[in-house]
Amino acid sequence: MGQLRYWLSMGLILVISFVLSGSQPAFANNLALQKPVEINISLSNKEGALKFFPEQLQFLSGKRYKLILSNISPQKHYFTAKDFADAVWSQKVDAGNVEIKGAIHELELRPNTEAEWVFVPVKAGSYQLRCTIPGHTEAGMVGDLTIAG
């Protein structure tokens with residue numbers, strides 16, 4: 001609860017500073033101009049393997065990324081990494097004709113679908129990735145996401 005209160009107060013301070021100054025701070029402009037590093041991740045393969053491709057990813061704090069998530073298997077899969085999602089600032093998720101903004105904790109990709117998640121890592125650490133569909137984690141559909149500070 002203390003960490004949530006901290007982030008809410010930091011967000012409030014930023015909003016107040018935007019309103020009072022009438023402009024965006026330099027870091028916001030820099031991120032908007034920063035071309036995201038694109039990383040392709042497949043949730044399974046055509047054979048239906050219960051695995052992420054790749055299983056391990058490393059990110060740098062303060063860089064902008066675009067994960068291009070695809071599921072070419074015949075069944076749905078989840079990209080679940082709640083602690084990782086709490087350690088990044090999510091700009092948006094594009095899925096089909098929908099753009100989603102705000103906190104992202106889990107993405108469900110149905111068969112033959114794709115989604116793009118644009119974010120900036122802000123908190124260094126190692127985080128677990130898994131598919132939470134019953135039996136998928138146990139079968140090995142897990143991964144490691146690392147943010148270097």
Residues (buried (at least 19 other Cβ atoms within 10 Å of the Cβ) and small (Gly, Ala, Ser)) located in the stretch 35-69: Ser42, Ser44
Boolean, Ala85 is out of contact with any Phe, Trp or Tyr (no Cβ under 7 Å at 6 or more places or on another chain), in a strand (DSSP E or B), touching a residue at least 12 places away in the same chain (Cβ under 8 Å) and hydrophobic (A, V, I, L, M, F, W, C): no
Test: residue in the stretch 107-120 that is assigned by TED's automatic domain parsing to the domain that holds Lys66, over 21 Å from Ala87 (Cβ atoms) and touching a residue at least 60 places away in the same chain (Cβ under 8 Å): yes
Residue in the stretch 100-113 that is assigned to a helix (DSSP H, G or I) and under 25 Å from Asn45 (Cβ atoms) present: no
Residue within the stretch 89-99 that is modelled with pLDDT of 95 or more, within 15 Å of the chain's Cα centre (by Cα) and among the aromatic types (Phe, Trp, Tyr) present: no
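The values are calculated or read from the model by the stated rules, or taken from the named source; none is laboratory data. Nothing here was measured: the structure is a model prediction, and the numbers come from that model. Positions of Cβ are generated from backbone atoms using ideal geometry, with glycine treated the same way; all protein chains shown enter the neighbour counts.
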